[in-house]
Amino acid sequence: MSIRHWLLATVVAAALLPTTLLQAAAQQTGTVQGTVVDATTARPLPNAQVFITGTQLGTLTNAQGRFQIVNVPAGQQNVRVNLIGYTEETRSVNVTAGQAAGVTFRIQETALELQEIVVTGVAGATTRAKLPFTVDKVNADALPVPAVDAGSAIQGKVVGATVISGSGRPGSAPSIMLRGPTSINAQGRSQEPLYIVDGVILGASIVDIDANDIESIEVVKGAAAASLYGSRASNGVIQITTRSGRALGSDMTRYTFRTEYGVNQLAGGINIAQNHPYRLNASGTRFVTSGGVEFDWLEEAIRASNAYPATASSVARQPTLNGANIWNTFQDQPWPGGTYDHIGTFFRPGDFSLSQLSVEGRSGGTNYLASFNNTLQQGVMTGLNGFNRSSFRLNLDQGVRDNLQLSARTFYSTSTQDGQIADGGGPLFTLTRMPAGVPLTTRDSLGNVINVPDITGENQNPLYVLQNSDRADDRERFLGGANLRFSPIIWVDLDANLSYDRSNVNRHQFNFKGFRTARPSSTLNQGYVYRDGWLNEAINGSVTSTFRRSLGALNTRTQLRYLYEAEHYDYTRASGTNLAVEGVTSLTAAREQRITRSETQDIRSEGYYLITNLDFADRYILDALVRRDGSSLFGANERWQTYYRGAAAWRVSEEPFWAGLGDAISEFKLRYSLGTAGGRPRFNAQYETFTVVDGVVNPQNLGNANLKPEFVVEQEMGIDATLMNRIGLTLTYAHSEARDQILRVPLAGYTGFVQQWQNAGTLESNTWEASIEAPLVRRDNFSWSTRLLFDRTRQTITELNVPEYQYGFPQQGLTAVFFAREGEPLGRFYGARWATGCSDLPSGLQSDCAAGAFQQNDEGYLVYVGQGNSWRDGIRNNLWGTAGPTVRGTPLMWGTPIVAQDEDGNTLLPLGSTMPDFNFSLANTINWRGFSLYGLVDATMGVNVYNLPRHWSYFERYSADQDQAGRDEETKKPIGYHSALYRQLEPPNSHFVEDGSFVKLREVSVRYRFGPEQLANVPVLGGLGGVGLSLVGRNLLTWTDYSGFDPEVGFAGGDVGSAAIARFDGFNYPNFRSFTAAVEITF
């Protein structure tokens, strides 16, 4: 018998063993009943959780605050009540067989967060006040603004969670990181946390999961708390629980219809040059060629478009510079006929809607939810449809017998998304290179928008691509899970769980025969068809035994689990060009460049763990865990890994000596946790791989049978406190070491292979987190609560067992912007920095600099001016274009910036950091009678963004930076000055590094709810449970100094694996705002 079969048998036997003694040990039972009321007002409290400690027996109070728990074993029992916003209270009652024991709870209002119950990372449901580590929880009440996807729902609501929408493309998933990345190189993997939805471990993106059905989201941020999830939890865990009717009162059914409709709008913008550097005729109405021929720019663009494809005679005439060369030409000429708003033409408002119809109920031993949701997000780009998703969910819990419960969860969604052609380049790239004096909507004689408005370059009209490309991504998603719980005796549970996640993605692109491009394209001009798709499947099964015992003041809970996971990935791609028949989108119509590719991956994992929790006198808490994981992703010699956790908490405020401080500090807890978790290698990292080019097989990756998962060790310590029974405070410090970093190591030529994946480094992190939650005002008809979150993370490569190297992500000029070397802060990026002081010059020029031959100009750059001159004298003394001393083999041009070097002569210098100094958010909720006002401000401070669109636009002189009209002759700069700043693209340079700090008004909601008593006498509406009217805003305002569309940018791919690290603006679809109105009806 294999080890996993022994483990499975052990888990089952451990749970079933007590049943052999069940009849002999069976106890007679009675009933516990009573009420729960507010201690101050005596108001009955509905929906309070009341349960018998150490058992699964419990219920919710009804609208009158009453409860009844049946089948309670006779004898002394502890009854506990939990209600968010109130203190937890436990009473001891004596239960007599066949009789009812009564108890009344009078509980006090308190801070909300420490009374929340969490289930993630622990052996069973536990209040946060008794956790020895941090688990954050976001309840549905904290989500008054429904998110478009479940991942975005925690943005600004969980301390230490970074949520970055690197692309605003409708339907795109955000990048989420918890306490920073744990991998230096995440190529082929992810820096994302492990996602679990209703017990289903996801095998694909969270983007398909609708947020409207969320009941709560629990977030485990580090290894100190995530050890329970082993080798998949180095990046933390996010567990989403959806509604199932269990929060309703007994014998209650609720129907909800909610619809929200509004508009998307572009929130930011970019500045395009409004002037040009070309010669005009005497009247300023026409351009002039070098041969003196006058012409109209727009007429030339139309003529060239009419004659597509270009011939020698149809090539547009070219203007000549207004000066003799780039040093006496200034970009200050107005466009004949004025300029046009290309941003306003390219972007347009789009529709936005969210709709939901649901029914949920609770009756006897059954509770359920059925819901249908639709999301439409057109986005803001003209010619695109955006994103449309429809989903259906069915959740069911059924008590088969008193000791047998079945839960089932199903979810299905289907969606369509376009806009891929406009994300990360393409039309957004050429938009930054359009001449302001040419209307992009102008059409040629064939009815097409003019192909190349920029007759001096090769930049295609971005509107043509949007209007004539057919590209769509279709997705289907199914989640299903079932859990069977059998409680043979009151203190033992046996759970069997099986879940399935299936994700299908099919993408297609079609370009018709005759599709135009700026330059001849053998791929697109004669027609192009592309199709690809992939299937992700994940099957997870587990068997769990849970034991709960109360021995006087000691409460214990122990859990033993065996898990099995199977993942399957299948990818197919095919494309072809030169279509045989016009309008046929089939791949068989392609006659040339037929390319096919396929890939299959199968992963098997299994594991088991033992966890125990001890709670003595509600004040001393201990937690211990050990887990063994085996995976086919690990090298053949390292198939099994061990993870562990030890944690303790001391609720000091429960000590007798604290009694005098209870009114001022009603809760004070110290906690410490040491835990471990892992990060799995990419699928092919352990194997030898080869490439085939023109029939030649080339070795690529050398296999590694000793490859281990990354091993993260985290220590977390902190304080949880409640002041004056109202203000909740948490302070956490976490230190982690991500050891055995999986790095791609270049190999010597004699090995015959290019690279090998090796465990070769350590990444160290330090995180501070703080939160304050306070009900500032709480009265019968008015309340005001606030929540403030703050976090900062610093990460350093502390060990590297291979030679240092550079890495980045696949974008021109950005493949080698980070350094991997010992002592290097993660996120620091490098390039050419422009000199700002004498110390930035070679030592031989520093004395001349001190004597005044170099000066700092109005942009802060050190420039060569020569003795006796000022940087202001360029035009007055005709100095532009004159040469100065030679530096690194090249003469310095007068007045232009100089590349800096350090004392060792290095010119590859730090430019900034993509990791912020700190993040904070502030949320406020005000309720007055039926009105509710909510607002969330989210901020990231001290982060740098590389503005690639601004850099690229310098090449064609279309950046507003290059406009010189209106400047005086002392500050006016020739086009040669900006050409020097452009400096090609490799490496990046400091002129285009900007402060990406921002403060965002992320969410706003104004709502009024009409209650049943207000609707009673209204025709048609009488009898409804309530009607809510809302005005909702998302991403409304951004305060920033960043000059691009939006500072919230980044690349999700490449070596870094997350937009939260690669904060480089790369022509991605900009984030936009939305304004909507919503109606919600319940009955």
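The values are calculated or read from the model by the stated rules, or taken from the named source; none is laboratory data. Just so it is clear, the structure is predicted and the values come from calculations on it, not from any experiment. Note: ideal-geometry Cβ built from the backbone for every residue, glycine included; neighbour counts use all protein chains shown.
Filtering the stretch 713-738 to residues that are among the β-branched types (Val, Ile, Thr) and under 23 Å from the mean Cα position of the chain (by Cα) leaves only 732.
Condition test on residue 617, is it in contact (Cβ under 8 Å) with a residue 40 or more places away in the chain and either closer than 15 Å to residue 132 by Cβ or in contact with a strand residue (DSSP E or B) (Cβ under 9 Å, 6 or more places away or on another chain) (or both)? Answer is yes for this residue. When the residues of the stretch 490-506 are filtered to those that are among the aliphatic types (A, V, I, L, M) and in a strand (DSSP E or B), the one that is farthest from the chain's Cα centre (by Cα) is 492.
When 552, 576, 533 are checked against the criterion of being more than 30 Å from residue 454 (Cβ to Cβ), without any contact (Cβ under 8 Å) to a residue 60 or more places away in the chain and under 28 Å from the mean Cα position of the chain (by Cα), 533 stands alone in meeting it. Of all the residues in the stretch 226-257, those that are surrounded by fewer than 21 Cβ atoms within 10 Å (Cβ to Cβ) and either farther than 30 Å from residue 203 by Cα or in contact with a helix residue (DSSP H, G or I) (Cβ under 8 Å, 6 or more places away or on another chain) (or both) number 10. Of all residues in the stretch 722-752, those that are within 30 Å of residue 38 (Cα to Cα) and surrounded by 20 or more Cβ atoms within 10 Å (Cβ to Cβ) total 4. For the stretch 767-798, taking the residues that are touching a residue at least 40 places away in the same chain (Cβ under 8 Å) and surrounded by fewer than 15 Cβ atoms within 10 Å (Cβ to Cβ), the one that is nearest to residue 179 (Cα to Cα) is identified as 778. Could you grab me the full set of residues in the stretch 157-177 that are within 17 Å of residue 236 (Cβ to Cβ) and either in contact with a helix residue (DSSP H, G or I) (Cβ under 9 Å, 6 or more places away or on another chain) or not aliphatic (A, V, I, L, M) (or both)? Of everything in the stretch 157-177, those that are within 17 Å of residue 236 (Cβ to Cβ) and either in contact with a helix residue (DSSP H, G or I) (Cβ under 9 Å, 6 or more places away or on another chain) or not aliphatic (A, V, I, L, M) (or both) turn out to be 157, 160, 161, 162, 163, 173, 174, 175, 176.
Of the set (1) over 30 Å from residue 134 (Cα atoms); (2) outside any loop (DSSP other than H, G, I, E, B); (3) of a type in the set (Phe, Trp, Tyr), all apply to residue 683 but (2). Here the condition is being touching a residue at least 12 places away in the same chain (Cβ under 8 Å), of a type outside the set (S, T, N, Q) and either surrounded by fewer than 16 Cβ atoms within 10 Å (Cβ to Cβ) or assigned to a loop (DSSP other than H, G, I, E, B) (or both); of 70, 103, 79, it holds for 70 alone. The set of residues from the stretch 68-125 being closer than 30 Å to residue 675 by Cβ and basic (Lys, Arg) comprises just one member, 80. Consider the stretch 362-384 and keep the residues that are in contact with a helix residue (DSSP H, G or I) (Cβ under 7 Å, 6 or more places away or on another chain) and not hydrophobic (A, V, I, L, M, F, W, C). The one that is surrounded by the fewest Cβ atoms within 10 Å (Cβ to Cβ) is 382. Scanning the stretch 418-445 for residues being outside any loop (DSSP other than H, G, I, E, B) and touching a Lys or Arg at 6+ places or on another chain (Cβ under 7 Å) gives a total of 2. Residue check: residue 50 meets all listed conditions (1) within 42 Å of the chain's Cα centre (by Cα); (2) surrounded by fewer than 19 Cβ atoms within 10 Å (Cβ to Cβ); (3) modelled with pLDDT of 85 or more but one, namely (2).
Taking the listed residues 1002, 1034, the one that is touching a Leu at 6+ places or on another chain (Cβ under 8 Å), crowded, with 19+ Cβ neighbours inside 10 Å and charged (D, E, K, R) is 1002, with no other qualifying. Residues of the stretch 516-566 that are of a type in the set (A, V, I, L, M, F, W, C) and touching a His at 6+ places or on another chain (Cβ under 9 Å): 529, 535, 538, 539. Considering only residues in the stretch 512-530 that are assigned to a loop (DSSP other than H, G, I, E, B), among the polar types (S, T, N, Q) and surrounded by 15 or more Cβ atoms within 10 Å (Cβ to Cβ), the one that is farthest from the chain's Cα centre (by Cα) turns out to be 525. In summary, strands (runs of 3 or more DSSP E) completely within the stretch 822-867 and bearing 2 or more residues that are at pLDDT 95 or above and under 43 Å from the mean Cα position of the chain (by Cα) occur at 828-831, 862-864. Do we find that residue 196 is of a type outside the set (D, E, K, R), more than 17 Å from residue 231 (Cα to Cα) and not in a loop (DSSP other than H, G, I, E, B) in this structure? In short, no.
The listed residues are 414, 339, and the only one of them that is outside any helix (DSSP H, G or I), in contact (Cβ under 8 Å) with a residue 60 or more places away in the chain and under 30 Å from residue 272 (Cα atoms) turns out to be 339.
Exactly one residue out of 382, 345 is more than 24 Å from the chain's Cα centre (by Cα), modelled with pLDDT under 95 and over 24 Å from residue 247 (Cα atoms), and it is 382.
With the requirement that a residue be at pLDDT 95 or above and among the basic types (Lys, Arg), what does the stretch 1027-1083 give you? Within the stretch 1027-1083, 1034, 1073 qualify.
With respect to residue 704, determine if the residue is in contact (Cβ under 8 Å) with a residue 60 or more places away in the chain and crowded, with 17+ Cβ neighbours inside 10 Å. Spelling it out, residue 704 is indeed in contact (Cβ under 8 Å) with a residue 60 or more places away in the chain and crowded, with 17+ Cβ neighbours inside 10 Å. Scanning the stretch 334-361 for residues being buried (at least 21 other Cβ atoms within 10 Å of the Cβ) and in contact with an Asp or Glu (Cβ under 7 Å, 6 or more places away or on another chain) gives a total of 1. Out of the residues in the stretch 903-934 that are modelled with pLDDT under 95 and of a type in the set (D, E, K, R), which is surrounded by the fewest Cβ atoms within 10 Å (Cβ to Cβ)? Among them, the one singled out is 904. Quick check on the stretch 130-141. Is at least one of its residues farther than 16 Å from residue 1050 by Cα and in contact with a Pro (Cβ under 9 Å, 6 or more places away or on another chain)? No, the stretch 130-141 contains no residue that is farther than 16 Å from residue 1050 by Cα and in contact with a Pro (Cβ under 9 Å, 6 or more places away or on another chain). On inspection, residue 311 fails the criterion of being β-branched (Val, Ile, Thr), farther than 25 Å from residue 432 by Cβ and either surrounded by 14 or more Cβ atoms within 10 Å (Cβ to Cβ) or touching a Phe, Trp or Tyr at 6+ places or on another chain (Cβ under 8 Å) (or both).
Looking across the stretch 790-821, the residues that are polar (S, T, N, Q) and either part of a strand (DSSP E or B) or closer than 21 Å to residue 1064 by Cβ (or both) come down to 793, 795, 796, 798, 806, 811, 812, 815. Going by the structure shown, is residue 968 within 40 Å of the chain's Cα centre (by Cα) and of a type outside the set (Gly, Ala, Ser)? Spelling it out, it is not the case that residue 968 is within 40 Å of the chain's Cα centre (by Cα) and of a type outside the set (Gly, Ala, Ser).
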